[in-house]
Amino acid sequence: MTNDVVVGQGGSLARFKIVKDYLYTVDSHNINVFNIENLNSPEKVESVHAGFDIETIFNLGDNLFLGSRSGMYIYDISSPSKPVSVSEFQHGKTCDPVVADENYAYVTLRSGNSCGATKSSC
């Protein structure tokens with residue numbers, strides 16, 4: 001991508017994220033990696049099984065944080081085309097948006113929906 005392309009910061013409910021020349025998307029089980037260096041001809045380069053019921057994706061530096069209905073997964077993208085699992089945190093079944101800063105990952109467990117929880121918490 002050219003240096004004049006501005007990429008916004010996704011929120012806690014994002015299902016895709018652009019990091020440098022790569023687009024990362026999540027479906028219910030995978031991280032899908034696209035090389036978008038040439039915006040006129042994006043290329044899918046990888047699909048990595050990440051877990052189950054993946055809902056959200058958040059980027060901080062060389063890490064992707066994935067929120068799922070049963071936990072949070074962290075993937076290293078220092079080699080951008082090959083996300084590698086670093087860690088995970090499991091919790092009870094509920095919807096799970098996630099954001100992070102340099103010190104903490106924030107998991108918001110939502111209820112009142114099809115995710116199964118009866119109480120929301122942060």
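Listing for the model above:
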quantity	calculated
Enumeration of residues in the range 33-65 that are buried (at least 17 other Cβ atoms within 10 Å of the Cβ), closer than 14 Å to I18 by Cα and within 12 Å of the chain's Cα centre (by Cα)	V33, T56, I57, F58, N59, N63, L64, F65
Qualifying residue in the range 7-16 (condition: at pLDDT 95 or above, assigned to a strand (DSSP E or B) and not acidic (D, E))	no
Verdict on I36 being of a type in the set (V, I, T), touching an Asp or Glu at 6+ places or on another chain (Cβ under 7 Å) and modelled with pLDDT of 95 or more	yes
Strands (runs of 3 or more DSSP E) fully within the range 55-119 counting 2 or more residues that are at pLDDT 95 or above and either over 30 Å from N35 (Cβ atoms) or out of contact with any His (no Cβ under 6 Å at 6 or more places or on another chain) (or both)	63-68, 71-76, 84-90
Those residues of the range 66-87 which are surrounded by 13 or more Cβ atoms within 10 Å (Cβ to Cβ), over 20 Å from Y106 (Cα atoms) and touching a Phe, Trp or Tyr at 6+ places or on another chain (Cβ under 8 Å), in sequence order	P80, S81, P83
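The values are calculated or read from the model by the stated rules, or taken from the named source; none is laboratory data. Since we're looking at a predicted model, the values are computed, not measured. No Cβ is skipped: glycine too gets one built from the backbone with ideal geometry, and neighbour counts run over all protein chains shown.
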